[in-house]
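Below is one structure, written out as structure tokens, with a few remarks after it.
The values are calculated or read from the model by the stated rules, or taken from the named source; none is laboratory data. Remember, it's a predicted structure, so these values are computed and weren't measured experimentally. For neighbour counting, all protein chains shown are included, and Cβ atoms are generated from backbone atoms with ideal geometry for every residue, glycine included. SASA here: full protein model, heavy atoms, side chains in, ligands and nucleic acids out. Shrake-Rupley method; radii C 1.70, N 1.55, O 1.52, S 1.80 Å.
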Amino acid sequence: MPELKSVGRSNGTQDGVGSRSVDAEALSALMDDEAQELELRRVLRQNAPGTREHWYRLQVTRTVLQGETPLAGVDFAARVRAAIDAEPTQSAGSGGGWKHALSSFAVAASVTAVVVLGGQQLAQTTAQSDAGRVAPLPVGVVNTAGAVPVQASFGTRSLPTLQPADRTAYRELARQRLRRYSQEHAEHASLNTPQGMLPFARVPVIER
Amino acid sequence: MHGCRSLNARFLAFALSLGAATAAATDNCPNLEPEVVRLLQAMSSNAQQVSYSGVVTLQRGGDMQVIEMSHGVQNGEETEVISRLTGQDARVERSGHSAGCMHPGHQLLQASAALGSGVCGLSTSYRFRVAPGDRIAGRAALRLRAEPLDMYRFGYVFEIDRDTALMLKSTTLAADQRVLEQFQFASIEMQASPVAEAATAHQAQHPHPHEPPAQEHGLPWEVVWLPEGFVPTDAVPQRSLRKSYTDGLASFSVFLEPLARAIKPGEGLERQGSTVAYTRGLQLQGRPVLVTVLGEIPTNTARMVADAVRLR
């Protein structure tokens, strides 16, 4: 799974506005089991190349492993369009419209079915092999663009190792705590370590 | 700004009671050479009693900050100011601090000199070596290397001014000798001087080592394990949001936040230079809490400390 770059990384030049709300967001995501949503917002905020592809893979992983049909995403649409383009062109006579629509639906459905079946098999394999293990297994989730290995652990049992989305949310929390508590820590570091007041220079954003 | 009288009284008593045993100090503490003892003591006390000012750089990873700083002593009171010359337009000032007021971290630094009753101060946690140093900010320095004796803390290399014993450069090293952080004077003058004003000005607090602050917050808690050599920096009530600790060279703080609802258990980490913020969500006696350990310590230390947080 590609490593996400941090968005909220403190660099000492950002202001502190909004940090509490992002913070609350991270906490609430962990409370409401919505860490994926948090991930989405962070990823989309990043607006980097590959962002949509990354989000798409996360989405496919989640929906497939929940036993649902994945939403028609970027790759599905492209694949379906390609399949339709490859079909012999229908004559423009009466009924061509609905036939075309029907064939599109059929192609789309078949692509979806492959993914769902593949996903279920993978999910099952994962569930079985998870028994008695503590470490998560890499789960290969197939999307229409080909096999994309995604590091994940989606068992029903609670495992000591965390799910990727949790890690992201917790990292966000750690980042926020660093920002929130650095100054208070520096009050003590500046009186109890040999560098004098310099520990305040470590504080990402000094507040009044 | 309140003074530090009770601390001075206590420390004085503490130092005197150990005075008789001073002769045996270095015999009992093989890691502690007399030269090191003198250097640590001078570095710690002169930092409070000498007036100086200058420009300091702070390097952490690829990031470099430039900071202007001034330390003045007048009528036995210190005024310390740092002001950021890069990045955020901010300054921090601590004024009216008694130059004789010694907090636990500096007591540990200086205790090495006075102790002889089987207590070796910092030398139980670090091995010290003195060597000729570099030229820093146009001044000749001695190099004091502090190597950790366990895995719970980082190593340090200090370049100490030969004339004044002021710390001119401080490097924090990971176990693999990677440089995590470096403070260094680019220029220094042996007098206090005015420091740039800033948009954000913070008056530093003076957390008292023995008088607990009034504020309390909900749950009584404690840290049942600390790496050897770490002591509390101040007296805090059991219900305090924060508890801080120092071993004389490093420090970290532990924060406990009670949560309204349970969250998925887990852990998160953010490291910036030598500073780590480690956050763990868990349930203690059925109460959902968020524990954060923040400080200049290795990740595993933070993790182990977080693991040792208990409700009382």
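For the reader, a short list of remarks on this structure follows.
- Taken over the stretch B:151-166, the criterion of being more than 18 Å from B:Ser251 (Cα to Cα) and either open to solvent by less than 30 Å² (accessible area, probe 1.4 Å) or touching a residue at least 60 places away in the same chain (Cβ under 8 Å) (or both) is satisfied by B:Glu159, B:Ile160, B:Asp161, B:Thr164, B:Ala165, B:Leu166.
- B:Met304 fulfils the conditions (1) at the interface with chain A (Cβ under 9 Å from one of its Cβ atoms); (2) within 17 Å of B:Val224 (Cβ to Cβ); (3) not charged (D, E, K, R) except for a single criterion, (1).
- Among the residues of the stretch B:265-275, just one is under 14 Å from A:Leu173 (Cβ atoms) and more than 7 Å from chain A (Cβ to nearest Cβ), namely B:Pro265.
- The single residue among B:Glu181, B:Glu228 that is in contact with a helix residue (DSSP H, G or I) (Cβ under 7 Å, 6 or more places away or on another chain), more than 25 Å from B:Thr79 (Cα to Cα) and either open to solvent by 60 Å² or more (accessible area, probe 1.4 Å) or within 14 Å of chain A (Cβ to nearest Cβ) (or both) turns out to be B:Glu228.
- Residue within the stretch B:119-127 that is at pLDDT 90 or above, open to solvent by 30 Å² or more (accessible area, probe 1.4 Å), more than 18 Å from B:Ala47 (Cβ to Cβ) and within 14 Å of chain A (Cβ to nearest Cβ) present: no
- Among (1) open to solvent by 30 Å² or more (accessible area, probe 1.4 Å); (2) modelled with pLDDT under 95, the one test that B:Gln59 misses: (2)
- Within the stretch B:68-110, the set of residues being at negative phi, surrounded by fewer than 24 Cβ atoms within 10 Å (Cβ to Cβ) and outside any strand (DSSP E or B) comprises B:Leu85, B:Thr86, B:Gln88, B:Asp89, B:Ala99, B:Gly100, B:Cys101, B:His103, B:Gln107, B:Gln110.
- Pick from the stretch A:147-179, criterion touching a helix residue (DSSP H, G or I) at 6+ places or on another chain (Cβ under 7 Å) and at pLDDT 90 or above, ranking: most open to solvent (accessible area, probe 1.4 Å): A:Arg179
- Whichever residue in the stretch B:292-312 is buried (at least 24 other Cβ atoms within 10 Å of the Cβ) and assigned to a strand (DSSP E or B) and, among such residues, is nearest to the chain's Cα centre (by Cα): B:Gly295
- B:Gly281 being facing chain A (nearest Cβ under 10 Å) and assigned to a loop (DSSP other than H, G, I, E, B): no
- Selection count, the stretch B:259-288, where residues are surrounded by fewer than 21 Cβ atoms within 10 Å (Cβ to Cβ) and hydrophobic (A, V, I, L, M, F, W, C): 6
- Per-region count, the stretch A:199-208, residues open to solvent by less than 10 Å² (accessible area, probe 1.4 Å), facing chain B (nearest Cβ under 7 Å), assigned to a helix (DSSP H, G or I) and touching a helix residue (DSSP H, G or I) at 6+ places or on another chain (Cβ under 8 Å): 1
- Selected residue (criterion: nearest to the chain's Cα centre (by Cα)) from residues of the stretch B:51-72 that are without any contact (Cβ under 8 Å) to a residue 40 or more places away in the chain and more than 8 Å from chain A (Cβ to nearest Cβ): B:Met64
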